[in-house]
1. Could you say whether any residue in the stretch 58-70 is open to solvent by 30 Å² or more (accessible area, probe 1.4 Å), over 19 Å from F8 (Cα atoms) and at pLDDT 95 or above?
2. I'd like the full set of residues that are surrounded by 15 or more Cβ atoms within 10 Å (Cβ to Cβ) and either in a loop (DSSP other than H, G, I, E, B) or touching a strand residue (DSSP E or B) at 6+ places or on another chain (Cβ under 6 Å) (or both), limited to the stretch 269-286.
3. Is it true that some residue in the stretch 41-54 is modelled with pLDDT of 80 or more, farther than 26 Å from A243 by Cα and within 24 Å of the chain's Cα centre (by Cα)?
4. Which one of these is surrounded by fewer than 16 Cβ atoms within 10 Å (Cβ to Cβ), under 19 Å from the mean Cα position of the chain (by Cα) and outside any loop (DSSP other than H, G, I, E, B): V143, V209?
5. Sort out which residues of the stretch 124-140 are assigned to a loop (DSSP other than H, G, I, E, B) and more than 21 Å from the chain's Cα centre (by Cα), and write them in order of number.
6. Pick from D250, D225: which is open to solvent by less than 10 Å² (accessible area, probe 1.4 Å), modelled with pLDDT under 95 and among the charged types (D, E, K, R)?
7. Which members of the stretch 20-40 meet the condition of being crowded, with 17+ Cβ neighbours inside 10 Å and closer than 13 Å to R235 by Cα?
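The values are calculated or read from the model by the stated rules, or taken from the named source; none is laboratory data. Note that the coordinates shown come from a computational prediction; the quantities given were computed from them, not determined experimentally. Ideal geometry is used to build each Cβ from the backbone, glycine not excepted, and the neighbour counts take in all protein chains shown. Ligands, DNA and RNA are excluded from the accessible area calculation, which covers all protein heavy atoms including side chains. Shrake-Rupley method; radii C 1.70, N 1.55, O 1.52, S 1.80 Å.
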Amino acid sequence: MSISQQAFLRDAMRRLNLTRDVFATRIGVKRRALDTWLLPEGSQEFRAMPEVVERFVSEIVQNSALLEKYTQSAQAGPLRERIAVDGKHQLISVDQFSRESVEDLFRVADLMQPIARRQKVSRVLEGAVLGNLFFEASTRTRVSFGSAFCRLGGSVCDTTGFTFSSMAKGESIYDTSRVMSGYVDAMVIRHPDQGSVAEFARATNIPVVNGGDGPGEHPSQALLDLYTILTEFSRLGKLLDGAHIAMVGDLKYGRTVHSLIKLLALYKGIKFTLISPPGLEMPAYIIEQASRNDNVIEQKSVLADGLAGVDVIYATRVQKERFANDETEGYTADFQISRAMIDTHCGPDTIVMHPLPRDSRPGANDLSVDLNDDPRLAIFRQTDNGIPIRMAIFAVLLGVEGLVQHSMRDVTWKHPSHIGPDDSTFHGLD
């Protein structure tokens, strides 16, 4: 098999739109056996599936009637062409994606998992240089993009801050973008002004990735969030169609939820519960877009009123740097998502997510640290997924995704089976 066993099986389940339980029944095996086949190959509990099972799954997936709806996107050309903006291979907004192209990107991310997990290395971007241009403070996003590019063999040039940059001296976005394009092969841009990244992109033909534009969008974060939800649902035996998603906190300025809700709206029959203090509600134009595909949207102003029966809680940080006047007045301790709150209103399979950073100081009213040892907390699995997703973005935009599988070789250093000492035991089971 030319791809990893984990990627092969996950791709089959996505193509057939089956949960783990139903898929196990379909191929005639116990759920526990399927779980061991889906583990990363470096896991101690990993088991190779029998050759007869591999042949059987391949025959199911290759059935022309089942695959008709899934092959339409592939027939339309390479993924980089299908998500192109005005003919350019850039990632500015999640609006560039259809459900099919999102899932095609996730298949590329699956291929990246052995590299992201420090089991394999690849040099498909050797010689390429990434320019990380962050005109707004960032740690996680900037390092994540840099790490993803380096893990494919490229190198990174970072620049942060605005005060001493050429733009602070009056240089236009057009001039800055054009000059930087002569130095690097791709750019990630973060800027405090909505629409500014698109302006950077219009001034160049090299790949540009939106790393966050003020209160606008954060497409790579939304992609990794959706990928996390799908992998967590796979572990729990759930499908995303028909799920109940709660988004909590600053929904007015939180660009992560703006992008994520639009991606989630590509799926069917989702119930969105939007919980925010008065004045920090989700913008009306985004709600209108998210209402497609028979999705239902309800808005609440009290946290406890909106958590019953949810499959996912997505909490957001208070974007105080974007606030005007006294918009934080309604953001009280009642909006803190704590273990007591989750235990009272949610079930054992609820997934708790947050784009980070979270404010862990006492009285911050953010996601509580008392959830740190709770397996429902998925924030670190979520951040880990940022590496394969951003690797997939670079590989697709630079046209090398087809080279990755055959370029891999084993790592030569020792790495831990779990990254953090408190990672849940199922951390690798995705």
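1. There is no residue in the stretch 58-70 that is open to solvent by 30 Å² or more (accessible area, probe 1.4 Å), over 19 Å from F8 (Cα atoms) and at pLDDT 95 or above.
2. I270, K271, F272, T273, L274, I275, S276, P277, G279, L280, E281, M282
3. Yes; the residues of the stretch 41-54 include at least one that is modelled with pLDDT of 80 or more, farther than 26 Å from A243 by Cα and within 24 Å of the chain's Cα centre (by Cα).
4. Just a single option satisfies the conditions, and that option is V143.
5. Matches in the stretch 124-140: V124, L125, E126, G127, A128, F135.
6. Of the residues listed, the single one that is open to solvent by less than 10 Å² (accessible area, probe 1.4 Å), modelled with pLDDT under 95 and among the charged types (D, E, K, R) is D250.
7. R20, F23, A24, L34, W37, L38, L39
Per-residue answers, yes or no, for (1) in contact with a helix residue (DSSP H, G or I) (Cβ under 8 Å, 6 or more places away or on another chain); (2) within 15 Å of V85 (Cβ to Cβ):
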{"residue": "I189", "(1), (2)": "yes, yes"}
{"residue": "V197", "(1), (2)": "no, yes"}
{"residue": "A201", "(1), (2)": "yes, yes"}
{"residue": "V208", "(1), (2)": "yes, yes"}
{"residue": "L223", "(1), (2)": "yes, no"}
{"residue": "S234", "(1), (2)": "yes, no"}
{"residue": "M247", "(1), (2)": "yes, no"}
